[in-house]
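Trainee: Structure provided below as structure tokens; questions to follow.
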Amino acid sequence: MIELTEAESKVMKEAKNQVFLGGTCNDSSWRETLKPMLTIGYFDPVVPDWNEEAYKLELIAREHSKFCLYVLTPKMTGVYSIAEVVDDSNKRPEKTVFCFLEKDGDLEFDKHQLKSLVNTGKMIKANGGTVLNSLEEVAEFLNKA
């Protein structure tokens, strides 16, 4: 049997009644905008000191949370969040929620990126995941669950 740290046990216990806030980091403020709108608990993987323990806690929260939300914005620099949301829509479609924001601060997705994100959303929906169009829609959906 694998021994969990106190922090890992706490995250696993709390996860079943919360949403994992995955997606764009890079100083995007979407999480800070969404959090006050939520009545459901949440796990925010963004921490000041990213280390192995933070990574382990993120994996536990992602696997055990009631919902896994992925919000993508033009501030994203990598594509791993896209891989995560598609993976979750295959493995855990009933708890996968996807949203992208066309603008984030001064940045905007271009028309080719938007087309790809729309098609990614179609794939996620076809897998059984939920696709929403705004943070307000996300909050309404999660708060009803």
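The values are calculated or read from the model by the stated rules, or taken from the named source; none is laboratory data. This is a predicted model, so every value here is computed, not measured. Heads up, the Cβs are rebuilt from the backbone with ideal geometry, glycines too, and the neighbour counts pull from every protein chain shown. Just the protein is used for accessible areas: all its heavy atoms, side chains included, with ligands, DNA and RNA removed. Shrake-Rupley method; radii C 1.70, N 1.55, O 1.52, S 1.80 Å.
Trainee: Hey, can you tell me all the residues within segment 75-86 that are at pLDDT 95 or above and of a type in the set (D, E, K, R)?
Mentor: Within segment 75-86, just Lys75 meets the criteria.
Trainee: Can you give me the ranges of the helices (runs of 4 or more DSSP H) entirely in segment 28-145 with at least 2 residues that are open to solvent by 20 Å² or more (accessible area, probe 1.4 Å) and without any contact (Cβ under 8 Å) to a residue 12 or more places away in the chain? Even if it seems obvious, please write down each step before you answer.
Mentor: Details: elements: 30-34, 52-64, 80-91, 111-126, 135-144.
Because the criterion is at least 2 residues that are open to solvent by 20 Å² or more (accessible area, probe 1.4 Å) and without any contact (Cβ under 8 Å) to a residue 12 or more places away in the chain, the helices (runs of 4 or more DSSP H) in segment 28-145 that meet it are 52-64, 80-91, 111-126, 135-144.
Trainee: So if I check each of Val79, Val11, which one is β-branched (Val, Ile, Thr) and farther than 29 Å from Glu108 by Cα? Lay out the reasoning, then the answer.
Mentor: Working: Val79 fails: farther than 29 Å from Glu108 by Cα.
That would be Val11, the only listed residue that is β-branched (Val, Ile, Thr) and farther than 29 Å from Glu108 by Cα.
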